[in-house]
Structure formats: C-alpha cells, structure tokens
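As structure tokens, the structure follows; a few thoughts come after it.
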Amino acid sequence: MSVQVASYHAPNFHSITSLRDGQVTAQAVQSINLPPLAPTAPVIAIDLDDVLSGTNDLVIRWHNETYGTDMDLSEAYYYCYSKNPHWGSTATTRTKVKRFYGSHKLGEALPVPGAREGVYALRTLGFRLVIVTARGTDAYADGWVWVQRWFPGCFDSMTCVGQVLSNGSPKRVTKAEVCIDLGAKLLIDDSMDNALACARYLAPDGVAKVPPPVLLFGTYEWNKRMSQPGDESDDMVFDVRVEREGGTQFLEEDAKKAAQLLESVNATRACVLRASDWNEVVRYIVAAQKEGKI
C-alpha cells in the first residue's frame, strides 16, 4: 500500500558535508529542505517499533504505572514478552498486551534517540524511505499519524505485515517478502528473528529472489536472543525457566546460541550487520553509497 504524503519545507542545510561524512545533529535537522526524489531513488525499508518509535520504553513505563512493577528496558531480554521478568504467564501476558493496546497510549511514544536526525539525513541523501512494520493492519491509521507527526514528508509508505503484495496475493507475508516486493536495498530492523528470516529466505515458488541485507538496529537485549513462534508457552515463561534451570544462566546461553547462528549465516552471505544507533546507521549507508553497494 502506497500513501502519498505532504512535502516538508524548511530552510536549506547549512552544510550537507556533515551528512555525507555520516555526522548527524539535531541542529542540522532544523535546517533541512528535503529535495525531490529521483524516480530511480534506491529504497530503504525501516521498521517502526524501537527503530523509529520508542515503543518498548513506553510499554515498560505503562506496565510499571499500571501494575506497580519496577521493570527496566534492560530486562527486556526477549522479543516475546512472556519470556521476560514481570510479565507472568502467557495468558496473563496476552491480557496485559490487549489492555495496553486498548489504552490507546501507543501514539504517546517518543522517537528513538537520533531517529529523526538519521531519517532526515537518509532522505536528504536521496533515498526513498518506506516503513515495514509487524503491526497489524488495524494499527495502520494511528501509526501513520504518528509517523507524519514526527517525520513529516520523509516516508513514502507504510506496510503492515499481513497486507497484500502488489501482485494481489492475499496471504500473510513476511518482511523479507515485503522488502523484495518493494525493491528495498536495505532493511533496518531491531529483531534478530526478522534479520535471520531475511538471511535464510527461500522463495516458495523456487524462483531466486534475494531479500536485502539487514542492519540489526540497537543494543537492545532482545536482539541478542531469538524468540521463535513456539516460545509463547508457559514452559518458556521467565520465572518458570529460572525455577526449572536453577538460575538465569539460560540468558547467556541463549545469547551465545543466537550469536553463533548469526555468525554462521554471515559466513555464507554477509547480510546481517549490527548498528548500535542511528549515527552508525547513517555512517554505514553513506559508506555503502560511496562504494556503489546501495
């Protein structure tokens, strides 16, 4: 789904050189005039939650206020909430998540530090930016309003995984398939699961289609470990694992396994690289652009 957005006008950059060197500042953002994009502008796909929007930070603050907990972002060890401390059983976790979304607080999230500067830098350098998010299609409208509020004129479209591809296929799709469909040259995502899914992608029709490389964004604990669909079970609840295994050593073991898996994938095709923050994202992309890789 492509959505036309209003253009954003501001004074010209006082120095575009700072961007081309990969340096991004809040002051520079204030003086940007977004240039028109070439029809052949390379596409970069960017995740929404915890790459652009500080979603988990908001969720944790809400949980602490609602349930009187003292949860910290550093305790978000896994993408699957029930595998983390304080959330409780899978049934309790589902109830909490439903309650959070029912609170309509998602729009109160602030941008991830450096996201606005980084996005404006990439857009100014001539990249066509699109959002590819795991949010459901029912969250599209509110999500797009949030994007327009904090990143006016920067994104061409937002695709919620589950929307149909441009060829009309009605099936639920993966981020890898969406990126292929959009012709993206790069995906920026905070999920190791999504990164590895792109790296391992095999087209169901057997035709060679390669998803773009992935920048695994952030120093988040949850992107150091895997969360498989089957992990949403009471056997994998944090407190249950602690009791069963006699401690939290599984955290280190899971991180080691994930790191080894990532290393093995990259040994075949270097396609997943880490970027700890938005300055690293911009530096990587500027370098790749100079080398003709994007």
#### Entry: Calculated FRET efficiency for the pair ARG149/ARG61, C-beta based, R₀ 30 Å, to 0.05
0.95
### Query
Which shape class, rounded, prolate or oblate, goes with the range 241-283 when its Cα gyration tensor gives a ≥ b ≥ c as root eigenvalues, a/c under 1.5 marks rounded, and past that a/b bigger than b/c marks prolate?
oblate
### Message
So if I place +1 on the C-beta of Lys and Arg and -1 on the C-beta of Asp and Glu, and nothing else carries charge, what would the dipole magnitude of the range 135-294 be about its Cα centre? I want it in debye, nearest 20.
### Response
820 debye
#### Entry: FRET efficiency for GLU243 and SER264, using Cβ-Cβ distance with R0 set to 22 Å, rounded to 0.05
0.10
### Message
Name the residue from SER191, VAL242, PRO213 whose Cα lies farthest towards the positive end of the charge dipole of the range 172-253, charges +1 on Cβ of Lys and Arg and -1 on Cβ of Asp and Glu.
### Response
PRO213
### Query
Is the shape of the range 101-143 best called rounded, prolate or oblate, per the rule: a/c under 1.5 gives rounded, else a/b larger than b/c gives prolate, else oblate, with a ≥ b ≥ c the square roots of the Cα gyration tensor eigenvalues?
oblate
### Task
Could you calculate the contour length gain from LYS256 to SER74, that is, 0.36 nm times the residue separation minus the distance between their Cα atoms, to one decimal place in nm?
63.8 nm
### Spin-label model distance (nm) - LYS98 vs LEU273, 7 Å beyond Cα toward Cβ
4.4 nm
### Message
When a/c reaches 1.5 or more, the comparison of a/b and b/c decides; with that in mind, is the range 94-166 rounded, prolate or oblate per its Cα gyration tensor?
### Response
oblate
### Query
Fewest first, what order do THR93, THR219, THR133 take by the number of other Cβ atoms within 10 Å?
THR219, THR93, THR133
### Query
Karplus couplings for the range 173-178 from phi (6.51 cos²θ - 1.76 cosθ + 1.60, θ = phi - 60°), rounded to Hz, Gly and Pro as x?
10, 9, 5, 4, 5, 5
### Euclidean distance between Cα centres, the range 42-65 to the range 72-145, Å
3 Å
### Task
For the range 192-257, state which trypsin sites (Lys or Arg not before Pro) are in a DSSP loop and have at most 11 other beta carbons lying within 10 Å of their beta carbon.
none
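Read-outs throughout are calculated quantities, based only on the coordinates presented, and are distinct from any laboratory measurement. All values derive from a computational prediction rather than experimental measurement. Virtual Cβ from ideal backbone geometry, glycine too; neighbours counted across all protein chains shown.
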